[in-house]
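Below is one structure, written out as structure tokens, with a few remarks after it.
The values are calculated or read from the model by the stated rules, or taken from the named source; none is laboratory data. Predicted, not measured: the structure shown is a model, and the values here were computed from it. Neighbour counts are summed over all protein chains in view; Cβ atoms, including those assigned to glycine, are modelled from backbone coordinates with ideal geometry. Heads up: the accessible areas ignore ligands, DNA and RNA and are worked out on the full protein's heavy atoms, side chains in. Shrake-Rupley method; radii C 1.70, N 1.55, O 1.52, S 1.80 Å.
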Amino acid sequence: MSTVDGDVAQQLTGYIAAARWFGGKGRRLEVRSVTALPWVNDPAADPAVRFEVAEVGYPDDAGSGSEYYQLAVAYRREAQPGLEHARIGRFADGDQGSWTGYDALQDPQACSVILAALVSGQRLSGELGDVRFELSAAQGLTADLEPKIFTGQQSNTSVMFGEVSMIKFFRRLELGRNLDIEVHDALNRAGIEDVAGLFGWIEATWTASDGASLTADLAMAVEKLAQAEDGWGLALDSIRASTPFAPHARALGAALAETHHALRASFATAAIPGGQVAAIMTERLRRAASIATALEPYTYGLQAGFADLEHAELVTQRVHGDFHLGQTLHTPTGWKIIDFEGEPVKSLAERSEPDSVHRDIAGMLRSFDYAAASVPGPDSAQWAADCRTAFLVGYAGGPLAADDAAVLRAYEADKAIYEVVYEVRNRPDWVGIPLGAIAALAAVGEAGHSPADDDVSGGPDTHPTLAENQVKE
């Protein structure tokens, strides 16, 4: 750990506060320390590249603790007019003289330095910390791939290298193993083709201001997916053109089932009483209704739906955690599932906890609903219904048994409640989308069961349950 003098702290504070990836917008921040990790290349080179970790705090919120942000810095002797947008500041070094620091992830030459270190699997050790470049696969990954710099991104920064790889750099660092890396590594080892190939990752260890030794992943390198189409955009195009999306939805359901199976084999599983889940969902509903009063007419029906969980025991496992059309890519070889980091509003510990597969299934069903509402028309509702049915068939091999359909309705309601609160706070004009689902789900809860629901997620008791489907080889 190293302290920062007033001039350096002022420059870093201004740069971090203005960065799109900074998560503390609107809060007064202070840079408490900056840890300079070992040089990636020769410090006499131009540019000289290293990773630095800025420890940031909020003096107006004494209980907030510290946050850690990655600064990948390219130091250059002369000012670079073409990199002015990436300028961090002008710094003096007793050994190296004065130089200008730029965001290395906006500097193509600096990106090439980082790629070369990954390809060679470098291990860097220094007085203040270590950096390890871990290579797990190298099909076509070479140091001469041309970087393509992207601007305008937010929480993370991605750099493309030729037509081979994308390296995603994590800006706000989460201590411990990054979930996206952990899951991709496990699924790649299991031979699952429904996710991108993982080339490797970059991790660092450093000493915090309180003397603690901290470890975090700085970046992950994955396969660049050729001719990939965003699942959300593909769905909207389908609605506009009145073309069938159900075959895609069915294939997507099968891809999720295969991914869940591999996750179940790779990570710990558990079981949780349904009553415990119902209590959690009911409490979330109570808090949500205090924020979004539009939920109040539906609380009885929603609680009745949650009560269907009382006598169930739910198998839990590692899941995606934030599954929707925007987390999928369609390629010539099929669907690819991306971004296994879970819901961003949850802590790392919460996102790594086992959960029911119903969480991911419900997320995709709600995403179909949002897509249909985004392109309103006489056929949009039927489009969503067809996608829903096809997705469940693809996942479970057929319509769900009644017990599973009831559990899924509870998870859908829980997700829709979250959406209502989000829309009230961020997009009030959109709140009608989740409220429509809430009304339908509450009506089913009040009635105990709606025959019309069999066409969507229900079915006779003779159908295999999701639990039985999960253990099939």
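Which of the three applies to the chain, rounded, prolate or oblate, going by the alpha-carbon gyration tensor with a ≥ b ≥ c and a/c under 1.5 meaning rounded? Cα axes put the chain in the prolate bin. When DSSP beta bridges are restricted to pairs lying wholly in the chain, around 100% turn out antiparallel. Membrane-span-like helices of the chain, defined as complete DSSP H segments with a Cα extent of 20 Å or more along the helix axis and a mean Kyte hydropathy of at least 0.5, are identified as 432-447. Between LEU175 and SER125, the contour length at 0.36 nm per residue exceeds the Cα-Cα span by 16.1 nm. Among the chymotrypsin sites (Phe, Trp or Tyr not before Pro) within region 103-187, those in coil by DSSP and having at most 13 neighbouring Cβ atoms inside 10 Å are PHE150. Sequence-distant contacts, meaning Cα pairs under 8 Å at least 6 residues apart, place the relative contact order of region 61-144 at 22 percent.
When only DSSP loop residues count, what GluC sites (Glu not before Pro) in region 227-322 have their Cβ near at most 15 other Cβ atoms within 10 Å? Here the GluC sites (Glu not before Pro) that fit, given the DSSP loop and packing criteria, are GLU310.
For the set ILE149, ILE361, solvent exposure ranked by accessible area (probe 1.4 Å, protein chains only) runs largest to smallest as ILE149, ILE361. Given a 1.4 Å probe and the protein chains as shown, LYS224 ends up with an accessible area of around 50 Å². Is the C-alpha gyration tensor of region 182-236 telling us rounded, prolate or oblate? Criteria: a/c under 1.5 is rounded; beyond that, a/b larger than b/c is prolate, otherwise oblate. In terms of gyration-tensor shape, prolate. Only lysines eight or more places from LYS148 in sequence, or on another chain, were considered; those with a Cα closer than 19 Å are LYS168, LYS224.
Give the residue list of GluC sites (Glu not before Pro) in region 82-147 that are DSSP loop and have at most 13 other beta-carbon atoms within 10 angstrom. Those satisfying the criteria are GLU127. Cross-link partners of LYS415 among aspartates and glutamates, defined as those whose alpha carbon lies under 15 angstrom from its own and excluding same-chain residues fewer than eight positions apart: GLU283, ASP322, GLU343, ASP355, ASP360, ASP369, GLU423.
Calculate, for ALA268 and THR293, the FRET efficiency according to 1/(1 + (r/R0)^6) with r their C-beta to C-beta distance and R0 30 Å; round to the nearest 0.05. The computed FRET efficiency comes out at 0.15. Apply the a/c threshold of 1.5 to the C-alpha gyration tensor of region 196-304 and tell me whether it is rounded, prolate or oblate. Since a/c reaches 1.5 but b/c is at least a/b, the shape of region 196-304 is classed as oblate.
From the P(r) of region 335-387, could you give the percentage of C-alpha pairs in the tail past 16 Å? Within region 335-387, distances greater than 16 Å cover 56 percent of Cα pairs.
Mean residue ellipticity, 222 nm, helices only, the chain: the sum of -39500 (n - 2.57) across DSSP H runs of n ≥ 4, divided by residue count and rounded to 500, is -12000 deg cm²/dmol. For region 237-363, the share of accessible area belonging to carbon and sulfur comes to 54 percent (1.4 Å probe, ligands and nucleic acids excluded). The share of C-alpha pairs in region 1-99 whose separation exceeds 17 Å stands at 54 percent. Listed by chain and number, the aspartates and glutamates whose alpha-carbon sits under 17 Å from that of LYS25, ignoring those within fewer than 8 places in the same chain, are GLU55, ASP60, ASP61, GLU67. Computed over protein heavy atoms with a 1.4 Å probe, the accessible surface of region 210-253 works out to 47 Å² per residue. Here region 52-139 exposes an accessible surface that is 45 percent carbon and sulfur, computed with a 1.4 Å probe and the other protein chains kept in place.
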